[in-house]
Amino acid sequence: QVQLVESGGGLVQPGGSLRLSCAASGIVFSIYTMGWYRQAPGKQRELVAVITNGGTTNYADSVKGRFTISNNNGKNTVDLQMNSLKLEDTAVYYCSASRGTVYWGKGTLVTVSS
């Protein structure tokens with residue numbers, strides 16, 4: 001049974017930082033492309049960042065230079081370091097694992113507010 005469990009969300013002021021983590025089980029973590037997506041109220045889910053099993057990363061233009069995705073194959077985790085957070089980063093953040101089939105976590109809420 002595949003499980004992706006996100007943690008690290010919360011309330012932060014504009015300009016602040018948060019680190020999200022996703023713990024994966026039930027998959028051969030090292031062969032999957034791992035990603036973070038987000039969905040703001042009233043909007044569609046969108047890509048934030050992905051990292052392939054080879055370590056190649058890709059970011060949405062809106063987060064380039066502010067967010068960093070990293071994985072730890074030994075711990076089966078993928079993290080998202082978010083710096084210089086903006087109001088528009090407020091969303092539910094979802095972890096994904098893909099290799100043909102896409103698996104999703106239940107999400108963690110990030111609220112950026114003063």
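Things to note:
- Candidates 35, 100, 65, ranked by Gaussian network fluctuation over the chain, Cα under 10 Å, top entry: 100
- Taking trypsin sites (Lys or Arg not before Pro) across region 34-114, the ones in a DSSP loop with at most 11 further Cβ atoms lying within 10 angstrom of their Cβ are 43, 64, 106.
- Pairs of Cα atoms farther than 22 Å apart, the chain, %: 25
- Probe 1.4 Å, protein heavy atoms only - accessible area per residue of the chain in square angstrom: 53
- Result for the chain in a Gaussian network model with C-alpha springs under 10 Å: among 24, 49, 60, the largest mean-square fluctuation is at 60.
- Carbon + sulfur, % of accessible area of region 1-109 - ligands and nucleic acids excluded, 1.4 Å: 47
- Heavy-atom accessible area with a 1.4 Å probe sorts 88, 6, largest first, into 88, 6.
- Surface listing: 61, 79, 89 arranged by accessible area from highest to lowest gives 61, 79, 89, probe 1.4 Å.
The values are calculated or read from the model by the stated rules, or taken from the named source; none is laboratory data. These figures come from a predicted structure and were not determined experimentally. Cβ atoms come from the backbone with ideal geometry, glycine included; neighbour counts cover every protein chain shown. For accessibility, only protein heavy atoms count, side chains too; no ligands or nucleic acids. Shrake-Rupley method; radii C 1.70, N 1.55, O 1.52, S 1.80 Å.
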